[in-house]
1. Between Thr267, Thr373, which is outside any loop (DSSP other than H, G, I, E, B), among the polar types (S, T, N, Q) and under 30 Å from His563 (Cβ atoms)?
2. For the range 137-166, what are the residues that are surrounded by fewer than 18 Cβ atoms within 10 Å (Cβ to Cβ) and modelled with pLDDT of 75 or more?
3. Go through Val567, Val560 for me and flag whichever is surrounded by fewer than 20 Cβ atoms within 10 Å (Cβ to Cβ), at pLDDT 90 or above and either more than 25 Å from Ser507 (Cα to Cα) or not assigned by TED's automatic domain parsing to the domain that holds Gly379 (or both).
4. Inspect all residues belonging to the range 207-224 and state whether any of them is in the same structural domain as Leu50 (by TED's automatic domain parsing), of a type in the set (D, E, K, R) and closer than 29 Å to Leu299 by Cα.
5. Across the range 377-420, what is the total count of residues that are surrounded by fewer than 18 Cβ atoms within 10 Å (Cβ to Cβ) and closer than 15 Å to Ser510 by Cα?
6. Of all the residues that make up the range 239-253, how many are farther than 17 Å from Ser321 by Cβ and touching a residue at least 12 places away in the same chain (Cβ under 8 Å)?
Amino acid sequence: MTATIAAQGELKAKINDRRVAGLLWRFLRPYRGQVIAVFGLLLLISAMNLAMPYLIQVAIDGPIAEGDLNGLYLIGLAYVGLIVAIFVVRFVQLYWLHTIGQSALVNLRQTLYEHILRQDLAFFNRTPVGKIVSRISTDVEELSELVSTSFVMVVSNLITLAGIIVVMFLLNWRLALIGLAVIPVILWASLYFRGGVRHYSQLWYRALSDFQAYINEQFNGMLVVQLFNRQPVSREEYGEISRAIYNAVIGLRNAYTNYALILQGLTTIGLALLLWGGGQGVLAQWATLGMLVASIEYLRRSFEPILQLAEQFTQIQTAFSAAERIAQLLEEQPTITEPTHPVRVDDFTPTVRFEGVTFRYEDDEQPVIREITFAVEAGQRVAIVGATGAGKTSLVKLLARYFDVTAGRILVSGVDLRALSFADLRRFVSVVPQNPYIFNGTIADNLRLFDPSITEAQMRAACETACAQSFIDRLPGGYDYPLLPQGANLSEGQRQLLALARALIHSPQSILVLDEATSSIDTETEADIQRGLAQALHGRTSIIIAHRLSTIRDADRIIVMQHGRIVEDGTHETLLERDGLYAQLYHRQFAEV
């Protein structure tokens with residue numbers, strides 16, 4: 001089960017470190033002036049840090065050796081001044097860095113969210129919501145730590161380390177060779193353990209993403225879990241995902257612990273070598289005592305940035321893993337794209353024409369729609385019926401351009417859908433889905449869709465037309481009645497009535513498509529909504545996907561589909577007289593009633 005979840009929505013592309021760095025720089029580029037200033041302050045801090053051991057050498061070989069206390073006071077004052085200056089400059093540098101980092105991440109979050117909004121329906125069908133939430137929240141937070149803290153520490157420590165090596169060779173090249181002999185081994189160990197830390201970081205975040213996706217799926221489907229007594233299976237699958245997280249964390253801990261232990265051992269060996277070799281040098285007079293003390297201090301300071309790099313190693317690797325996943329998501333391109341130069345429709349005519357339309361889903365070998373051709377004239381009410389799997393809902397998805405046709409074309413107002421801008425398409429075609437989504441908020445929020453320009457008069461007119469006003473009046477607070485997540489405190493029929501009213505408000509002149517929007521309405525409400533639909537659809541171009549044939553008897557035309565093809569077309573009376581598939585469906589449905 002874990003492997004199955006992990007496979008869902010994962011992109012195959014391999015994002016290397018250079019491209020990840022390019023992603024980070026893309027969002028830091030607008031602040032490059034401030035970034036350069038931060039680097040300048042880093043160089044200043046490193047220079048002041050390098051000066052401190054040199055002052056110790058000067059003090060030992062000068063005033064201390066000569067017994068000059070006045071000279072020692074001046075050096076001590078300079079040493080204290082460097083400490084204060086380092087504190088002030090570091091404060092300014094960190095303040096600027098955090099400001100730059102958070103500003104860049106705000107832009108990243110906005111870009112990532114807008115990129116997700118541009119994706120087509122196929123993307124959301126194959127990508128669990130939990131994974132999307134993980135990318136836009138957890139992964140971005142990991143980058144926040146990298147940009148605001150880890151990145152500056154890494155750069156600062158690298159600059160400091162390079163400066164220490166140069167100064168040590170300038171001070172005494174023999175002492176430098178002895179003390180720095182372990183540095184190549186430390187660098188080799190860093191490269192060796194880097195792969196393991198990166199590997200377990202990726203496993204950890206992948207398992208965490210799977211965890212979020214699974215939790216989201218189980219909680220949304222809790223009704224089914226409980227109805228079918230699936231709690232034991234759910235508990236076992238949850239345990240598998242939890243163990244995957246545990247194994248990744250333990251692997252990450254082991255890799256980092258081994259790395260840190262080796263570094264501690266190598267630093268101890270390096271100091272011991274310098275103390276022994278440097279002591280020999282002082283006795284042989286090719287080094288002074290001040291040089292030895294300063295070299296020990298420099299070597300100790302060289303180990304500090306290396307150890308700090310080790311401490312930041314896990315964070316850097318996990319952040320780069322997060323950046324990889326964000327880069328992969330940003331490389332995801334929608335298959336349904338807006339035309340570069342959309343056709344402008346100045347005189348909209350509410351007509352629809354399917355011309356030789358064939359369609360199959362990406363993973364299907366056989367088409368679900370086969371060479372469909374029919375037209376819906378302005379003001380005509382057309383119903384499309386057929387057994388489950390006949391292709392009715394696929395027609396709606398094509399008309400709303402959730403998917404593009406495999407062959408043929410669909411014309412709205414005489415223009416190919418693919419030549420229209422998304423804004424015009426949504427203005428011309430309004431769909432009331434079978435399972436409408438209800439947002440957190442009030443009845444009014446869901447009718448307005450958070451558009452404050454929609455007046456209460458507009459809402460009331462649409463609700464009266466859709467026969468939703470009667471149940472809204474019975475709710476405490478009416479339009480201000482707060483709704484639970486997904487409208488849990490409304491019946492399914494009430495949610496569908498609300499969705500119908502919402503479509504009437506926002507698309508008053510559009511082609512209205514009802515995708516089995518009355519399937520869950522009870523018999524009593526059905527009579528009311530029939531009257532409401534008669535008013536709402538009077539003189540309006542509409543396409544009704546219907547399962548309950550009683551709701552479409554008054555349609556101007558009824559198109560009957562079977563296996564992706566149109567097999568019958570006519571009015572209710574003519575199709576009954578023909579005694580074909582429609583008549584069979586009609587008599588069977590009313591016989592069941």
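1. On inspection, the qualifying residue turns out to be Thr373.
2. Result: Ser137, Thr138, Glu141, Val155, Leu158, Ala162, Ile165, Val166.
3. The unique qualifying residue is Val567.
4. no
5. 5
6. Of the residues in the range 239-253, 3 are farther than 17 Å from Ser321 by Cβ and touching a residue at least 12 places away in the same chain (Cβ under 8 Å).
One line per residue, one yes/no per condition, for (1) farther than 30 Å from Tyr54 by Cβ; (2) at pLDDT 80 or above; (3) outside any loop (DSSP other than H, G, I, E, B); (4) not aromatic (Phe, Trp, Tyr):
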position: Ser321; (1), (2), (3), (4): yes, no, yes, yes
position: Arg325; (1), (2), (3), (4): yes, yes, yes, yes
position: His341; (1), (2), (3), (4): yes, yes, no, yes
position: Glu355; (1), (2), (3), (4): yes, yes, yes, yes
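Here is a yes/no grid of residues against (1) touching a Leu at 6+ places or on another chain (Cβ under 9 Å); (2) modelled with pLDDT under 80:
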{"residue": "Thr2", "(1), (2)": "no, yes"}
{"residue": "Lys14", "(1), (2)": "no, yes"}
{"residue": "Leu43", "(1), (2)": "no, no"}
{"residue": "Ala47", "(1), (2)": "no, no"}
{"residue": "Ile56", "(1), (2)": "no, no"}
{"residue": "Ala59", "(1), (2)": "yes, no"}
{"residue": "Ile75", "(1), (2)": "yes, no"}
{"residue": "Ala78", "(1), (2)": "yes, no"}
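The values are calculated or read from the model by the stated rules, or taken from the named source; none is laboratory data. From a predicted model like this one, the values you see are computed outputs, not experimental measurements. All Cβ positions, even for glycine, are placed from backbone atoms using ideal geometry, and neighbour counts span all protein chains on display.
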